[in-house]
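The values are calculated or read from the model by the stated rules, or taken from the named source; none is laboratory data. Since this is a predicted model, take the numbers as computed values, not measurements. Don't worry about glycine lacking a Cβ; one is built from the backbone with ideal geometry, like all the others, and counts go over all protein chains shown.
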Amino acid sequence: MNFQRQKIMIEIQDNSLHFSFPGILSEIESLVETYHTNVLPVFLAEERRRVFVDLLRKKGALNSSDDYKKTVARWLCKLSHDDISKEVKKHAMMIAVGKRPGSINIQFQRTLRIPDDGKTYDLPPGLGEFPLRHVDDYANRVPQSWLEHGGVMMPMYQAEALWLYFNGSYPFALKIAAGKMNAITGEGWQDGLNRSPQDYVVTPNQPWLDGFSVGDGVIRQFVAMPLGSGYSVEEQITGKAEFGGIQIQAFPMKAKYYFESVIRAKLPKRLADVLYQLMPPLHSRVLCSPMKQPQDMGLGGGGLMHQEIYEDPHESDVWDIDQTSRCFIHLCDAVMWRQITGENPPQKPFTAKTYTNAGLPWFTHYRSDLNVLKGSKKLAGIKSVNTLLVEKEGTGLDGNDSVEVSSVIDCGPKQ
């Protein structure tokens with residue numbers, strides 16, 4: 001089942017939430033057509049002898065045998081204008097659309113719940129994706145409020161943690177909220193994109209988000225708790241248990257800006273750039289009873305973690321505000337998952353202590369080339385699930401033992 005709005009699609013692909021904007025792809029294809037029309041006469045006018053030398057240089061074949069050079073020369077002479085036109089267009093299209101412009105996959109990764117002990121931890125691993133299902137496919141088994149919001153659902157155990165992985169090379173501005181409370185600013189849901197303060201993340205610069213932004217380079221981990229129990233950030237800020245779940249809105253970069261700033265520099269400048277791969281061969285972050293009414297889940301705050309939220313490096317007019325799409329992700333109590341779907345939920349994840357004692361690694365990710373947003377003062381004041389549990393029941397979360405991390409892998413880009 002696909003959700004369509006202005007030809008925008010949201011679908012589940014291999015347990016990822018896939019946003020695709022066909023209009024972006026069509027615009028880029030049209031821009032490639034214009035490029036092809038403009039550059040083809042220039043390529044066809046190139047002197048074939050010069051192309052021959054360029055081809056041998058690109059192939060590293062300048063010192064090859066005379067027989068091979070003759071083979072290349074005969075092959076090049078046989079290429080018609082139509083052959084060259086097809087290859088120029090094909091080559092440009094592969095560069096422009098090969099990485100699916102206008103689309104992004106969002107994975108909801110199971111992970112360790114880091115200890116809430118006052119320490120700030122590095123990034124825990126991914127333990128596999130949460131399964132996703134369309135709520136409309138289970139219309140007679142889910143609450144009416146879920147059907148009204150539409151979207152997808154996934155199972156989570158009480159006090160289980162997750163992180164969001166943004167997989168795609170095309171730039172997007174993504175608004176992320178829990179219970180319609182913005183995970184970056186702590187403000188209620190607002191339309192559009194706001195830069196003062198910035199209420200969204202920018203991909204692919206921001207590869208993932210693990211929690212609520214509570215300080216400079218520090219987040220408080222996303223942890224699931226039953227809605228209505230007072231633990232969610234939504235309830236702490238608004239005093240109401242109204243929405244729960246996760247909300248994501250995607251704004252793609254405008255096709256023309258992407259073409260001019262990213263694609264154009266990669267397009268072929270000379271005919272040899274297109275033909276050299278066709279030449280004759282030269283022989284010589286670990287993404288490791290009666291039916292009961294399903295209970296809504298919300299996201300509360302877990303332990304503290306090092307994670308930078310990066311400032312938008314682009315001008316505000318690069319984002320396509322008129323071409324956007326939003327999805328509601330309902331969090332289903334894992335024990336109810338089987339009754340709704342007929343499928344077993346994932347096994348409970350192991351604790352941070354068990355993982356660390358096994359000698360398995362944690363991760364870091366830093367970028368010195370991007371500015372980092374300051375944490376939200378509003379979110380800095382939220383209480384963690386563990387703190388609230390101690391206040392309410394006098395005891396904290398199970399599996400909250402502190403750990404000493406000795407193995408940390410830097411998975412940031414090489415500067």
Checked Leu271, Leu267, Leu209 against criteria (modelled with pLDDT of 95 or more and closer than 30 Å to Gly98 by Cβ); the one match is Leu209
The residue from Val286, Val202 that alone is modelled with pLDDT of 95 or more, out of contact with any Ser or Thr (no Cβ under 9 Å at 6 or more places or on another chain) and either within 28 Å of Trp146 (Cβ to Cβ) or aliphatic (A, V, I, L, M) (or both) is Val202
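Here is a yes/no grid of residues against (1) in the same structural domain as Thr203 (by TED's automatic domain parsing); (2) buried (at least 16 other Cβ atoms within 10 Å of the Cβ); (3) out of contact with any Phe, Trp or Tyr (no Cβ under 8 Å at 6 or more places or on another chain):
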position: Ile309; (1), (2), (3): yes, yes, yes
position: Ser316; (1), (2), (3): yes, no, yes
position: Pro345; (1), (2), (3): yes, yes, no
position: Ser368; (1), (2), (3): yes, no, yes
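Inspect the range 142-162 for any residue being assigned to a strand (DSSP E or B), of a type outside the set (Lys, Arg) and surrounded by fewer than 21 Cβ atoms within 10 Å (Cβ to Cβ) and give the result as yes or no.
Residues of the range 142-162 assigned to a strand (DSSP E or B): 152-156, 161-162.
Those left that are additionally of a type outside the set (Lys, Arg): 152-156, 161-162.
Keeping just the survivors that are surrounded by fewer than 21 Cβ atoms within 10 Å (Cβ to Cβ) gives none.
No, because not a single residue in the range 142-162 is assigned to a strand (DSSP E or B), of a type outside the set (Lys, Arg) and surrounded by fewer than 21 Cβ atoms within 10 Å (Cβ to Cβ).
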Given (1) polar (S, T, N, Q); (2) more than 21 Å from Leu209 (Cα to Cα); (3) not in a helix (DSSP H, G or I), Ser368 misses just (2)
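Out of Lys353, Lys374, report the one residue that is basic (Lys, Arg) and either in a helix (DSSP H, G or I) or more than 28 Å from Pro413 (Cβ to Cβ) (or both). Full working, then the answer.
Details: Lys374 fails: either in a helix (DSSP H, G or I) or more than 28 Å from Pro413 (Cβ to Cβ) (or both).
Going through Lys353, Lys374 in turn, the sole match is Lys353.
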In the range 377-406, anything over 13 Å from Ala159 (Cα atoms) and assigned to a loop (DSSP other than H, G, I, E, B) is listed as Gly381, Ile382, Lys383, Gly394, Thr395, Asp401, Ser402, Val403, Glu404, Val405, Ser406
Report task. For the range 151-160, indicate whether the set of residues that are closer than 30 Å to Leu389 by Cα, in the same structural domain as Gly303 (by TED's automatic domain parsing) and of a type in the set (Asp, Glu) is non-empty. Result -> yes
Flagged in the range 318-327 as touching a Phe, Trp or Tyr at 6+ places or on another chain (Cβ under 8 Å) and either under 24 Å from Val152 (Cβ atoms) or not in a helix (DSSP H, G or I) (or both), in numbering order, are Trp319, Asp320, Ile321, Gln323, Thr324, Ser325, Cys327
So, first residue in the same structural domain as Pro226 (by TED's automatic domain parsing) and more than 20 Å from His314 (Cβ to Cβ) in the range 170-191, second residue among the aromatic types (Phe, Trp, Tyr) and part of a loop (DSSP other than H, G, I, E, B), Cβ within less than 7 Å, six or more apart or across chains; the pairs are Ala177/Trp189; Gly179/Phe243; Lys180/Trp189; Lys180/Phe243
Within the range 329-357, restricting to residues that are at pLDDT below 90 and aromatic (Phe, Trp, Tyr), the one that is farthest from Ser407 (Cα to Cα) is Phe350
Considering the range 220-271, residues that are surrounded by fewer than 17 Cβ atoms within 10 Å (Cβ to Cβ) and of a type in the set (Ser, Thr, Tyr), and then whichever is farthest from Asp333 (Cα to Cα), we arrive at Ser261
